[in-house]
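Chemist: Dropping the structure in here first, questions after.
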Amino acid sequence: MRAIHRWVIFACLFFLSSCNQNLQVKDSHLTLMKTTNPSPLVTQKNKSKDHVKKIEQDVNSVPQLYDVAVVKGKKDTLVVYKVKHLHRFRMKKIEKDVNKMLEEKYPDENFTISSDYKIFLETVRLEERMKSSKFTHQKAEKRFNQIVKMTKDMK
């Protein structure tokens, strides 16, 4: 009987200690499970984020979308979003509508649009890396171009 009590106490202590790790979780780990709302990014050094924030607000206004990430590079602007679950059957139409809306509002921009989770995850990781002082704007632009190429390869 004593062995059973010890085993139960050991199991309880093990579970309680494993639950309380106090580790800081990065957004990229929870990106697929919850809304992260990453801030708009600009890979160039002295560019303003106002224009990119406005693009993000316009895309966020589409009712079928719930999480939007916008990254502005030298040539392209990457718009990545998540579609609400019940609207996933119409993803191609939603993508076409978002692209049309952005092309009408911002004719000078070259947009790359994606609803792919992997691209969204890579965009969130890029945001996390840009927060580091070791990650230069040249590296950010290079990684941004890799993500855009990945998006175009998937289509």
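The values are calculated or read from the model by the stated rules, or taken from the named source; none is laboratory data. Owing to the predicted nature of the structure, the values given are computational and were not obtained by experimental measurement. Every residue, glycine as well, gets a Cβ built from its backbone with ideal geometry; the counts of neighbours run over all protein chains shown. With ligands, DNA and RNA removed, areas are computed over all heavy atoms of the protein, side chains included. Shrake-Rupley method; radii C 1.70, N 1.55, O 1.52, S 1.80 Å.
Chemist: Given the conditions (1) in contact (Cβ under 8 Å) with a residue 12 or more places away in the chain; (2) open to solvent by 70 Å² or more (accessible area, probe 1.4 Å); (3) out of contact with any helix residue (DSSP H, G or I) (no Cβ under 9 Å at 6 or more places or on another chain), which single one is not true for Lys100?
Modeler: Condition (1) is where Lys100 drops out.
Chemist: Something else now. Filter segment 108-147 down to residues that are in contact (Cβ under 8 Å) with a residue 60 or more places away in the chain, open to solvent by 10 Å² or more (accessible area, probe 1.4 Å) and not hydroxyl-bearing (Ser, Thr, Tyr), then give me how many there are.
Modeler: 8
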